[in-house]
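Everything on this sheet refers to the single structure shown next.
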Amino acid sequence: MGRKKPVSRDNEQDDNEISLTGFLLAAKSKMFLLSAAGFLGAIGLWLTDPGQGSLLSLLQPYAPAIMALAGSFTGGFLVGWFARRTFGKTIFITGLVIAAVGLLIKFGVGGSALEDWVHASVGWVNTSTEGAKRYLAALIPSAAAAGTGFLKGFRRKKRK
């Protein structure tokens, strides 16, 4: 019987790692590639002046709409992809902070000062997320396409 080669973990990509190679693996999604190609194609169509009577001249009036839909889907996909990769780490860090605050209050270490710090931190996070939401809403013209892209980007692919 032949011997099996040892499996090297050097070339494997961690699911939760955010890196350029991780992004390139996410870019293998057919939906992402199609939407990015549609976005870039619509930009090219919008910026060029096709000759009269050609197929491109018939599609040119629709280029801004295609660009908005494809760009929204692509942006939503990338936000969902990033959120999926940071979700576990965020939950873990939040759990550690909650446990640390609970232990400090249990042992009587500055309950009111700690409570004020927690309220200030929650307020800062709320303000930051509201600002990010307004910024992203201004950049994304189609909420339906962005939501679909987010769900597709957040979805974990089944391993074969």
Pairs returned, first residue in the range 110-139 that is under 30 Å from Ser72 (Cβ atoms) and at pLDDT below 80, second residue that is part of a helix (DSSP H, G or I) and not small (Gly, Ala, Ser), beta-carbon separation under 8 angstrom, 6 or more apart or interchain, are Leu136/Val79
Within the range 74-85, how many residues are under 14 Å from Leu136 (Cβ atoms) and buried (at least 20 other Cβ atoms within 10 Å of the Cβ)? 5
Considering residues that are under 14 Å from Ala70 (Cβ atoms) and hydrophobic (A, V, I, L, M, F, W, C), the number found within the range 140-156 is 4
Heads up, the helices (runs of 4 or more DSSP H) in the range 43-143 (entirely inside) with at least 3 residues that are touching a helix residue (DSSP H, G or I) at 6+ places or on another chain (Cβ under 9 Å) are 63-106, 111-139
Go through Ser72, Ser142 for me and flag whichever is hydroxyl-bearing (Ser, Thr, Tyr), closer than 30 Å to Phe39 by Cα and either more than 20 Å from the chain's Cα centre (by Cα) or at pLDDT below 85 (or both). Ser142
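The values are calculated or read from the model by the stated rules, or taken from the named source; none is laboratory data. None of these values were measured; they are calculated from a predicted model. Note that each Cβ is placed from the backbone with ideal geometry, even for glycine, and that neighbours are counted across all protein chains shown.
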